[in-house]
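Down below is the structure, laid out as structure tokens.
The values are calculated or read from the model by the stated rules, or taken from the named source; none is laboratory data. Everything numeric in this text was worked out from a predicted model, so none of it was measured. Methodologically, a virtual Cβ is constructed for each residue, glycine included, from the backbone with ideal geometry; neighbour enumeration extends over all protein chains shown.
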Amino acid sequence: MDKAKGIISKMLNFDTMITPMIIKFIYALFSGLGMLIGFFIMVSGITARYGGGIKVFGGLILVLVSPFLLRVTCESLIVIFKINENLSKMANEGKI
């Protein structure tokens, strides 16, 4: 019971960060979603009568670039949380 109380206390005092775990889920979800949308844009471009080449090219760019840009954004957020984690460790060890 004390262990559960300790976890709840850490969560309420923001000693434990849950956002890094959520960021990993968000990355997987939105990468898949971005690639799926890009695929549908390519298919709509292939089936279009006029101007489909731009849609195919745009969909291909979305499929290739969206996971990369999302990864950079998520990694930037993770770096901020890692800095916080390391500063907390240093403070607990008395180095700060």
- Item | All positions within the range 57-72 that are in contact with a Ser or Thr (Cβ under 9 Å, 6 or more places away or on another chain) and surrounded by 13 or more Cβ atoms within 10 Å (Cβ to Cβ) | GLY59, SER66, PRO67, LEU70
- Query: Filtering the range 10-27 down to residues that are of a type in the set (Phe, Trp, Tyr) and assigned to a helix (DSSP H, G or I), which residue is nearest to VAL79 (Cα to Cα)?
  - Reply: TYR27
- Query: Of the numbered conditions (1) without any contact (Cβ under 8 Å) to a residue 12 or more places away in the chain; (2) among the aromatic types (Phe, Trp, Tyr); (3) touching a helix residue (DSSP H, G or I) at 6+ places or on another chain (Cβ under 8 Å), TYR50 satisfies every one except a single condition; which is it?
  - Reply: (3)
- Query: So which of PHE68, PHE39, PHE57 is under 17 Å from the mean Cα position of the chain (by Cα), part of a helix (DSSP H, G or I) and modelled with pLDDT of 90 or more?
  - Reply: PHE68
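Could you identify the single residue in ILE18, ILE23 that is modelled with pLDDT of 85 or more, among the hydrophobic types (A, V, I, L, M, F, W, C) and under 24 Å from the mean Cα position of the chain (by Cα)?
ILE23
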- Residues LEU87, LEU62, LEU70: which one is under 30 Å from PHE14 (Cα atoms) and in contact (Cβ under 8 Å) with a residue 24 or more places away in the chain? LEU70
- Item | Flag for PHE30 being of a type outside the set (Lys, Arg) and either touching a residue at least 60 places away in the same chain (Cβ under 8 Å) or within 23 Å of ILE78 (Cβ to Cβ) (or both) | yes
- Query: Which residues, counting only those in the range 34-47, are out of contact with any helix residue (DSSP H, G or I) (no Cβ under 8 Å at 6 or more places or on another chain) and under 20 Å from ILE78 (Cβ atoms)?
  - Reply: none
